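Participant: Sharing a structure here in structure tokens format.
What follows draws every value from the coordinates through simple rules; no lab data is involved. Just so it is clear, the model here is predicted, and its values are computed rather than measured.
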């Protein structure tokens, strides 16, 4: 059994006109939501063995803020092929994971994520999860389980879409809010 966590980067800023899309940083909302989602993962007992991330600045910042909130998250592997990747590229990156990886976190972009999660989750996914098919919001996370031994076998027939979380639905819950820094 393998667990796959798909995440879209947190909300990015559009304030710097002329900045290349790849170099856009997070905005205030993005800097707030990334740690919330890391705490949600920890509360669910989801500890990735590997983290695959796009090379975009907003993804790098998202993951760095997540690791500040939950230091147990693994060091990320950055892959340029994940920048605005289509489902085939996302699947290809995951299929290259080592067999001993039980849980993988992939942080990437739209529109590839919503198409990919729909392909894996299919029409039998819970309604709460199917809302990811039309649009995968910033900092949202999808959790899927796959009845496979190796990542190379990752396919829709073996995958079940189990959970979908959005930061705006978790922000007001005290267990996910920022904790004060100790003095």
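Participant: Over the Cα atoms of the stretch 42-149, compute the convex hull volume and normalise it per residue, giving Å³.
Facilitator: Details: hull volume 11.8 nm³, N = 108.
Looking at the stretch 42-149, the number lands at 109 Å³ per residue.
Participant: Hey, what number do you get for the chain at 222 nm if only DSSP H runs of n ≥ 4 count, each worth -39500 (n - 2.57), divided across all residues, to the nearest 500? Don't skip to the end; give the middle numbers.
Facilitator: Details: 6 runs with 60 residues, N = 183.
Computed ellipticity for the chain at 222 nm equals -9500 deg cm²/dmol.
Participant: Any idea what the alpha-carbon Rg over 2.2 N^0.38 Å comes to for the stretch 4-83? Walk me through the intermediate numbers first.
Facilitator: Numbers: Rg = 12.5 Å, N = 80, 2.2 N^0.38 = 11.6 Å.
Rg over 2.2 N^0.38 Å, computed on Cα atoms: 1.08.
Participant: So, one more: Per 0.36 nm of contour for each residue apart, how much would the distance between residue 172 and residue 135 grow if the chain were fully extended, relative to their Cα-Cα spacing?
Facilitator: Working: separation 37, 0.36 × 37 = 13.32 nm, distance 2.24 nm.
The residue 172-residue 135 span can extend by a further 11.1 nm.
Participant: Helix 28-43 versus the longest principal axis of the chain: what angle, 0 to 90°, nearest 10, using Cα atoms?
Facilitator: Once rounded, the angle reads 50 degrees.
Participant: Report, please, the projected area of the stretch 93-183 averaged over directions, based on the convex hull of its C-alpha atoms, in nm².
Facilitator: On the way: hull surface 31.2 nm².
Projected area, direction-averaged: 7.8 nm².
Participant: Treating the chain as a set of equal point scatterers at the Cα positions, no solvent, please give the Debye-formula log₁₀ I(q)/I(0) at q = 0.09 Å⁻¹.
Facilitator: -0.29
Participant: On a 0 to 90 degree scale, rounded to 10, what angle separates helix 112-121 from the longest Cα axis of the chain?
Facilitator: Taking Cα atoms only, the helix is inclined about 40 degrees.
Participant: Per the Kirkwood definition applied to all pairs of different Cα atoms, how many angstroms is the hydrodynamic radius of the stretch 3-50? Write out the running numbers ahead of the final one.
Facilitator: Numbers: mean 1/r = 0.0806 Å⁻¹.
The Cα-based Kirkwood calculation yields 12.4 Å.
Participant: Relative to the longest principal axis of the C-alpha atoms of the chain, give the angle of the C-alpha long axis of helix 57-69, reported between 0 and 90° and rounded to the nearest 10°.
Facilitator: 80
Participant: Over the chain, what is the relative contact order in percent, taking alpha-carbon pairs closer than 8 angstrom and at least six residues apart? Show your work: numbers first, answer last.
Facilitator: Numbers: 369 pairs, mean separation 55.3, N = 183.
Over the chain, the number comes to 30 percent.
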